[in-house]
Amino acid sequence: MVRYTGAEVQRMEDPRLLTGHGRYVDDIHVHGMLHAAFLRSSHAHARIRSIDTSAAQALAGVHGVFTQADLAVPDTAQAMNQLYPAPVIHQDITQHPMATDEVCYVGQTVALVAADSRAIAEDALALINVDYEPLPAVVDCRTAQADDAPLAHIGSDNNLAGQLKSAFGDIDDAFAKADHVFAASFMQHRGGCHSMETRGVLAVDNPHEDGLTIWSSTQCPYLVRRALANHLGEPEDRVRIIAPDVGGGFGPKAGFYAEEIVIPVVARQLGRPLKWIEDRREHFTATTGQRDQHWDLEVACDKDGRMLGLRGTVTHENGAYMPYGALLPFTSVTPLPGSYAIPALDVTLNFVFTNTTPTTPVRGAGRPYGIYAVERMVETIARELGLDPAEVRRRNFVRADQMPYETGAKLRDGMPVRYDSGDYHACQDKALELADYTGFKARQEAARAQGRYLGIGVSACIEDTGVGPYEGTTVRIEPSGKIMVRTGAASQGQGHHTMIAQIVSDQLGVRPDDVLFEAADTGKFPQGVGTIGSRVTANVGPSSFDASNQVRETVLKLAAETLEASEQDLELEDGEVRVTGAPDVKVTLGELALKLAPMSGGKIPAGFSPSLEATSYLGSSGSPVASGSNVAEVEVDIGTGEVRVLRYSVAHDCGTMINPMMVDGQIIGGVVHGIGNALFERMIYDDQGQPLTTNYGEYLLPLASEMPHIDIVHQESPSPLNPLGVKGAGEGGTIPAAPAIVAAIENALVDFGVVIDYYPVDPQYLTGLIDAAQAQAAE
Amino acid sequence: MADTREITVTINGQAETRAVETRTNLADFLRHEVELTGTHVGCEHGVCGACTVLVDGDAVRSCLMLAVQADGHEVTSIEGLAADDGTLHPVQDAFWKNHGLQCGFCTPGMVISIAAFLKDNPDPTEEEVRSAISGNICRCTGYQGIVAAALEAAKTMRQEG
Ligand code: FES
Ligand code: FES
C-alpha cells in the first residue's frame, strides 16, 4: 500500500536542526585538537623566491608551520590528481597541495600554521615572509588567447586548456537553405557557491587502529576517499571520510581540495587532531565557482521561425587550474539545443586558463549557460520576426509524440543524449496560464499609463539528471523492528533521509519514523559516488526501493513459514505480517529479524541467510531528463536601472514526485539562485587578477526582500528509466531563471529597443543601455 | 600573552562563568567555550545573520559583539528557544510544517530573528516579514517557506495570546 510516496511528509531531519542540534564539521570537538589557518597567495601570478617561516614557528602556541616541502607525502613533488581525465583537455594542469615555486591565483594555498587556537594560527600567518616575484596575469577569458596575452602558467605555450565540440546534422545545408540567419554575442557570468556553511576539514590519525578519519564538509565523501588514498598511496579502507551535516553544497563542495590533503597529512605529522574551517573571505577565493563564458552564436531558421541549425563558438573561463576535468565545458554544450528539435548543430567551446580561482560546477553546472544561449536565440528570432516568444518556442519544441527523443548530441561517456519523457508544449501552457500571460498586455499598458515599465519573459529548459552509475542502499530490519537504512549519498540539506524513509516505509509497512538512517560515511557504507547533478533521487530512489522490496520478499517468505500460511494471504502493515482475515495470526518484523540473527548455537531457517537485510545498487538505466517552463514578470525603473521581479511562475516536470513539498523547496531555492545570477551575483577581479568582491557587502546574494513569491505547477511525466518514474529536481529551478528574467527586462524596455548582452543585469549596466538607446533615438 | 578577562553570562537561563580572551567574539564564545554549537557563523562580518542570538531579548549578531560585552547580560541561543519539555517554539514548529529549512545552517539565526521580530510585530504582512529577514541570508530555500513559517507562527502566537 502506497501511503508515503508522493505525500508531503514533514522532514525527519528538521527537529534536530531547528533546535540547534545539528552537527556540522565545526561543531565537532576532538580531544587534543589543534587549529589550522592557511597562508594564501596575495598575487594572481608570481614566482615564489623563498618562504621564511621562522618567526611564525617561534610564536607561543604554534605547533608547526608547513610549506609544500615540509609535507611528508610519498610524492611531494607531484601535483594533485585529475579527478575527471578527458581527451579534450590539452593542458592538464592541477595545483600542488601547497604552492611550490609559482602561484597562479589569489587564494592559492602557500603555507599552513597549526596552533592552539585559530586566532594564534592567524597571528602566526602575519609573521610568514614570502618573497614573491610578481608576474603578469591573464584575467579576461576573451583576450586570453590573444598573441600578446600573458601566460597563466610559466612554461605553457598558450592559455588554451582544452577544446570540445558538439556537432550533428548537416550544418552547412541548414544555413544554406534558411530564410533567415540571425547572430548574437553575449557574455554570461555565473557567481560562486556561497553555501552558508563554508568548507571545513577535521582530521584525526589513529595509526595503530583504523588509520585516518576525516570529517569534511563535502558532497562526495567517496571521491575524497579515492583522491586522498591515491595521494597518500594507502588502501582506501584506511581512509575514512565522514560528511556530517553539511550546510549547503551547490556543486563546489563536490570536488577534492588541497586542504583535504594538507590537513590530514599535517595531523598525522604532528600526531594531533587538526581542524581547519574556511572563513568567508577564503571562500570567495579558495572555493571554486563559476564565472565568465562568452558566446558567439548564429541561428538559421525558416520564415516562420522554425530553427534549422545553430552554430558558433564559446570561450569559457577555466581559472588557473583544472581540478575537475572538463565537466563545466561538457555540461555547457551537451544540453544544446535544449527543449527544441533542431536538426543541425555545430558549437565549439574553448576553455582557457586565467589567473583566477579555478572554476567548477555551481548549481546546474554548465547547463544554465547552454540553455541561456539557446533561449537567447529564440528571443532573437522572436524579436527579428515580430513573433510572440512563447509561440516561437511552441513551433520548435520537441513534441510529446517524439519521445523518447535523441537530439543528436553525445554525452560525456559517448552515449546519445536522449530525452526519455515529457510534454514541453503542455508544460509551457501550464506556465503561461499560471502567469496569466494573456492578461499581461493589459497590465503592461495600465502600468505604462502611470509611467511604469513592466515586462514579461518566458523560458524553457531541459535538465539531464540522475547521472549514474549507482548510489547504493542497504536496508536492514533489526530485532527492535526498526528499519536501518544506510547509503553513501551525502545530503547538504536536500532531505535524503525523509525521501528514502518514504520509499522504504511503503515497501515494509512501517511509518517513516521507524526508519533509522545513516549516510555519507565511508566507514559505514562501502561504496558511493556523491551528490551532484540532481542525481540522488534517480539513483538512491531506485536502490532503496529495490533493497526494501527484496527485504519485503524475504519477510513474506519467512512469515509464511512461521505462520504456516501462504504468502498470498499475508499483509504487511504497522510493522507486522498478518494473515488476511485472521488478524490475530501475526508476527512482527522484529521477531522475524531475530529469527535470522540468532546467537551462539542458534539455527538459521533453511533457505535463508543471516541478517534480514538486502543491498541494492539499482539506479536509472540512462539519464532521466526533467523539463520546465518559467515566466517572469518584472518592473524596470528606467531612471535607476533597478529591476524588481513582481511575479514568477514555474511549470516543472521531474516525473513522479516522492515528496512534492521538498520538490517545491528545490525548485524555489533553485529559481532564487538563478535570479541571483541574473541580477545580483558578480565576482569581480581587477585587471591584475585581484578579487574586488570578497564579502557580502560587495558581492550581493538574493535576499528575501528582493525575491518574489514563486508560483509552481507540476506536470508528472514518469521516467521510464527507473521503477519509481522519478527524475532529479535539484537544478531545474536555476537553469531557466536567467533567460526568463533577461527576456522580461528586454520586454519592459521594448520601446527603447534594448538588447541585453550580459548578466548579471545590474543597475549600472542597464542604465548604460537605456541611456545609449535614448541617445540613439535622439539622433 | 593575550589579554584575558573573567565574565559571567546567563545563557538560556544558566549562569556561565569563564575566562575569555578579550578578542573572542560572542559567537565563538558560545560555540567553542560554552559548547553550544547551534549558533552558526556564516560570514564573520555581520551580513548573513546566521549568528543571531537574543541579548536581553533583542536580536544581536553574535559575530559583531565581543564576549566581554555580554558580561552580566542574558543571552538566548537557539538551544534555549524550545520549552523545557521539548515542545518547539511556535516559530520552530512553523518552520517544520512549512519546509522553512533545508541544510539548516541559516536556520538558528532565522528562527531567532523571526521570534524577536514577532514579539514587536504580532501581525505582520508578507512584505514586512520579508523586510524583517532581509538581514538573514539563506542560500537553500529561496525564503518562501521561511516567510510562510513566519506568517503562520505569527498567527499561532496571536491565537495563543
Ligand atoms: S556570521 Fe554573524 S552575521 Fe554572518
Ligand atoms: S537552509 Fe541552507 S542556508 Fe538556509
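The figures follow:
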{"item": "Per-region count, the stretch B:41-72, residues in contact with a Ser or Thr (Cβ under 7 Å, 6 or more places away or on another chain) and away from ligand 1 (no atom under 16 Å from the Cβ)", "result": "3"}
{"item": "Any hit, the stretch A:459-467, residues being part of a loop (DSSP other than H, G, I, E, B) and over 16 Å from the mean Cα position of the chain (by Cα)", "result": "no"}
{"item": "Selection count, the stretch A:734-755, where residues are out of contact with any Lys or Arg (no Cβ under 9 Å at 6 or more places or on another chain) and closer than 23 Å to A:ARG363 by Cα", "result": "5"}
{"item": "Pair list, Cβ < 7 Å and 6+ apart or interchain, from the stretch A:59-70 residues that are within 14 Å of chain B (Cβ to nearest Cβ) to residues that are part of a strand (DSSP E or B)", "result": "A:GLY61/A:ALA115; A:VAL62/A:VAL113; A:VAL62/A:ALA115"}
{"item": "Subset of the stretch A:1-28 (residues that are in a loop (DSSP other than H, G, I, E, B), more than 7 Å from chain B (Cβ to nearest Cβ), under 23 Å from A:PRO244 (Cβ atoms) and touching a Lys or Arg at 6+ places or on another chain (Cβ under 9 Å))", "result": "A:ARG23, A:ILE28"}
{"item": "Filter result for A:ALA99 (at pLDDT 95 or above and either closer than 24 Å to A:HIS31 by Cα or outside any loop (DSSP other than H, G, I, E, B) (or both))", "result": "no"}
{"item": "Close pairs from the stretch A:238-255: first among the β-branched types (Val, Ile, Thr), partner near ligand 2 (Cβ under 10 Å from one of its atoms), Cβ under 6 Å, at least 6 apart", "result": "A:VAL246/A:GLN492"}
{"item": "Pairs with Cβ under 8 Å, 6+ apart, first in the stretch B:2-30 and within 12 Å of chain A (Cβ to nearest Cβ), second outside any loop (DSSP other than H, G, I, E, B) and of a type in the set (Phe, Trp, Tyr)", "result": "B:VAL20/B:PHE29"}
{"item": "Enumerated strands (runs of 3 or more DSSP E) restricted to the stretch B:30-77, each holding at least 2 residues that are within 22 Å of B:CYS140 (Cα to Cα)", "result": "B:52-55"}
{"item": "Candidate set from the stretch A:383-434 (those that are of a type in the set (Val, Ile, Thr) and out of contact with any Ser or Thr (no Cβ under 6 Å at 6 or more places or on another chain)); member that is farthest from A:TYR84 (Cα to Cα)", "result": "A:VAL392"}
{"item": "Whichever residue in the stretch B:45-60 is more than 16 Å from ligand 2 (Cβ to nearest atom) and touching a strand residue (DSSP E or B) at 6+ places or on another chain (Cβ under 9 Å) and, among such residues, is farthest from B:THR10 (Cα to Cα)", "result": "B:GLY46"}
{"item": "The stretch A:683-723 - residue that is within 30 Å of A:GLY622 (Cα to Cα) and touching a strand residue (DSSP E or B) at 6+ places or on another chain (Cβ under 8 Å) and, of those, nearest to the other protein chains (Cβ to nearest Cβ)", "result": "A:ILE712"}
{"item": "Subset of the stretch B:34-81 that is within 10 Å of chain A (Cβ to nearest Cβ), under 10 Å from the mean Cα position of the chain (by Cα) and of a type in the set (Gly, Ala, Ser) - its residue that is surrounded by the most Cβ atoms within 10 Å (Cβ to Cβ)", "result": "B:ALA50"}
{"item": "Unique match (being of a type outside the set (Lys, Arg), within 30 Å of A:GLY319 (Cα to Cα) and not assigned by TED's automatic domain parsing to the domain that holds A:PRO718) among A:SER54, A:SER42", "result": "A:SER42"}
{"item": "Residue that is more than 22 Å from A:ALA737 (Cα to Cα) and touching an Asp or Glu at 6+ places or on another chain (Cβ under 8 Å), where the choices are A:ALA442, A:ALA489", "result": "A:ALA489"}
{"item": "From the options A:HIS43, A:HIS21, A:HIS35, A:HIS31, residue that is within 19 Å of A:LEU274 (Cα to Cα) and either without any contact (Cβ under 8 Å) to a residue 40 or more places away in the chain or surrounded by 15 or more Cβ atoms within 10 Å (Cβ to Cβ) (or both)", "result": "A:HIS35"}
{"item": "Members of the stretch A:138-157 found to be buried (at least 16 other Cβ atoms within 10 Å of the Cβ) and either assigned to a loop (DSSP other than H, G, I, E, B) or of a type in the set (Gly, Ala, Ser) (or both), listed by number", "result": "A:VAL138, A:VAL139, A:ASP140, A:ALA144, A:ALA149, A:PRO150, A:LEU151, A:ALA152, A:HIS153"}
{"item": "Verdict on B:ALA94 being more than 16 Å from ligand 2 (Cβ to nearest atom) and among the aliphatic types (A, V, I, L, M)", "result": "no"}
{"item": "Residue check for A:ASP52: charged (D, E, K, R) and surrounded by fewer than 16 Cβ atoms within 10 Å (Cβ to Cβ)", "result": "yes"}
{"item": "Residue list for the stretch A:415-471, restricted to those being without any contact (Cβ under 8 Å) to a residue 12 or more places away in the chain and among the hydroxyl-bearing types (Ser, Thr, Tyr)", "result": "A:THR438"}
{"item": "Elements of type helices (runs of 4 or more DSSP H) contained in the stretch A:182-287, each with 3 or more residues being over 25 Å from the mean Cα position of the chain (by Cα)", "result": "A:259-270"}
{"item": "Among residues of the stretch A:501-534, those that are under 20 Å from the mean Cα position of the chain (by Cα) and either of a type in the set (Val, Ile, Thr) or at positive phi (or both), counted", "result": "7"}
{"item": "B:ASP84 being more than 11 Å from ligand 1 (Cβ to nearest atom), under 24 Å from B:TYR143 (Cα atoms), surrounded by fewer than 22 Cβ atoms within 10 Å (Cβ to Cβ) and more than 7 Å from every other protein chain (Cβ to nearest Cβ)", "result": "no"}
{"item": "Count - residues of the stretch B:99-142 that are closer than 27 Å to B:GLU44 by Cβ, charged (D, E, K, R) and part of a loop (DSSP other than H, G, I, E, B)", "result": "1"}
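To keep it simple, each residue is scored yes or no on (1) closer than 25 Å to B:LYS97 by Cβ; (2) hydroxyl-bearing (Ser, Thr, Tyr); (3) not assigned by TED's automatic domain parsing to the domain that holds A:HIS496.
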{"site": "A:SER649", "(1), (2), (3)": "yes, yes, yes"}
{"site": "A:GLY655", "(1), (2), (3)": "no, no, yes"}
{"site": "A:ILE668", "(1), (2), (3)": "yes, no, yes"}
{"site": "A:PHE680", "(1), (2), (3)": "no, no, yes"}
{"site": "A:ILE684", "(1), (2), (3)": "no, no, yes"}
{"site": "A:GLN690", "(1), (2), (3)": "no, no, yes"}
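Results for (1) more than 9 Å from ligand 2 (Cβ to nearest atom); (2) more than 8 Å from every other protein chain (Cβ to nearest Cβ); (3) in contact with a His (Cβ under 6 Å, 6 or more places away or on another chain), shown as yes or no for each residue.
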position: B:GLY100; (1), (2), (3): no, yes, no
position: B:CYS103; (1), (2), (3): no, no, no
position: B:MET110; (1), (2), (3): no, yes, no
position: B:PHE117; (1), (2), (3): yes, yes, no
position: B:ARG130; (1), (2), (3): yes, no, no
position: B:ILE133; (1), (2), (3): yes, no, no
position: B:THR141; (1), (2), (3): no, no, no
position: B:ILE146; (1), (2), (3): no, no, no
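The values are calculated or read from the model by the stated rules, or taken from the named source; none is laboratory data. The structure presented is a predicted model; accordingly, all values stated were derived computationally and were not measured. Cβ: placed from backbone, ideal geometry, glycine included. Neighbour counts: every protein chain shown.
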